[in-house]
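*Asks:* Can you keep this structure in mind? I'll have questions shortly.
Please treat every number below as a calculation from the coordinates, not as lab data. None of these values were measured; they are calculated from a predicted model. We place every Cβ from the backbone using ideal geometry, glycine too, and count neighbours over all the protein chains shown.
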């Protein structure tokens, strides 16, 4: 008997200690399996098994049946994986059986280096019997420090593929989380959180708190390997497109930009609802921003309360380290016709500053 593989019944021809053993029955101990073994298959095992018993005894019959059923398991996994091509995995898996090795490539259309797994026979541990194992190539690199789990008692190509994809998804999201949290704006605990699952990729996601009231989920679509964003919006769709294309910006930069835009949208929406006027016509040259506003300023929103004097505005500034508010006095009235077309020149040295311009 070999655990998770087979049982074999043997008999002797007579009572002599030197009599040869003969194969009487072979039973499969793993799933899925056809029981009993089809007659044609059993006859082959019986004939070859008896020959092995005559030459190499009990050790020989174990090695013969062990190798036979390891190969059988690889063939079963190949058949199961091939059946997946009839469903939603069509054109998203590439499957090949090379002798005693099953190769399954996933995310074949994803940009960059390719990823696949190889199921084959590995040497036994500490002199033990050979066994089935998985070699994982992630983005073209063999991953040696992580063992891919393979259930050899209940064979499932679907579970194996989903497990490897979930592991790959976790790696992508962990790397993304690490890079996002290197930004002081996202380094606060709880702003970027990771949820994982051992086999279900859609249960693996990164949650980014965009604003006090809005969150974004970043997922990896398991069949294609593409980024997916929830909740969807027009801007989220644009960022999602850039994430999945050869954009000049990296995924962390794109998601950080989305956070800035979402925060500005929320501040603008709340300001309008409370009676603030959003000043879209103010244009400040980049060199003036660098001189007078915080050097790491990213996005700025100008507003004025109805009833305020025209020479005062409120500026919401987003920067790498957080947000700040600036109450600013203008030197000139913005709509003054004599200065029309001139740029706004900032002279801010504190949260309450003064601006000159048109």
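*Asks:* Working from the pairwise distances between different alpha carbons, so that the mean of 1/r is found and then inverted, what is region 14-67's Kirkwood radius in Å?
*Replies:* Every distinct Cα pair counted, the radius reaches 12.1 Å.
*Asks:* Then there's this: Tell me what the chain gives for mean residue ellipticity at 222 nm when only DSSP H runs of n ≥ 4 count, each as -39,500 (n - 2.57), the sum divided by the residue total, rounded to 500 deg cm²/dmol.
*Replies:* Rounded to the nearest 500, it is -10500 deg cm²/dmol.
*Asks:* Between residue 90 and residue 135, how high is the FRET efficiency from 1/(1 + (r/R0)^6) when r is the Cβ-Cβ distance and R₀ = 35 Å? Nearest 0.05.
*Replies:* Calculated value: 0.90.
*Asks:* I've got another one for you. Take the chain, connect every pair of alpha-carbon atoms lying under 10 Å apart with a spring to form a Gaussian network, then pick out the residue of 199, 101, 90 with the largest mean-square fluctuation.
*Replies:* Result: 90 has the largest fluctuation of those listed.
*Asks:* What does the convex hull of the Cα atoms of the chain come to per residue, in Å³, rounded to a whole number?
*Replies:* Given the Cα convex hull of the chain, per-residue volume reads 175 Å³.
*Asks:* Working out 0.36 nm times the residue gap between residue 54 and residue 9, then minus their Cα-Cα distance, what length gain in nm do you get to one decimal?
*Replies:* Result: 14.6 nm gained on full extension.
*Asks:* Report the residue, chosen from 320, 25, 253, that carries the largest GNM mean-square fluctuation when the chain is represented by alpha-carbon nodes joined by springs under 10 Å.
*Replies:* Greatest mean-square fluctuation among the candidates belongs to 25.
*Asks:* Label-point separation (nm) for residue 232 and residue 308, each offset 7 Å from Cα along Cα-to-Cβ?
*Replies:* For the pair residue 232/residue 308, the computed spacing is 3.9 nm.
*Asks:* Per residue, how big is the convex hull of region 93-167 when only Cα atoms are used? Give it in Å³.
*Replies:* Once divided by residue count, the hull of region 93-167 is 101 Å³.
*Asks:* Here's another thing I want to ask about it. Just to be sure I understand: with springs between alpha-carbon atoms less than 10 Å apart, which residue in 110, 280, 162 has the highest mean-square fluctuation in the Gaussian network model of the chain?
*Replies:* 280
*Asks:* Which part of region 131-167 falls in the paramagnetic zone of residue 35, meaning amide N under 19 Å from the point 7 Å along Cα-to-beta-carbon?
*Replies:* Counting only backbone N, you get 152-156.
*Asks:* While we're looking at this one, here's another question. Can you give me the C-alpha center-to-center distance between region 35-69 and region 215-249, rounded to a whole angstrom?
*Replies:* Between the Cα centres of region 35-69 and region 215-249 lies a distance of 54 Å.
*Asks:* Under the definition of Cα pairs under 8 Å and six or more residues apart, what whole-number percent is the relative contact order of the chain?
*Replies:* 8 percent
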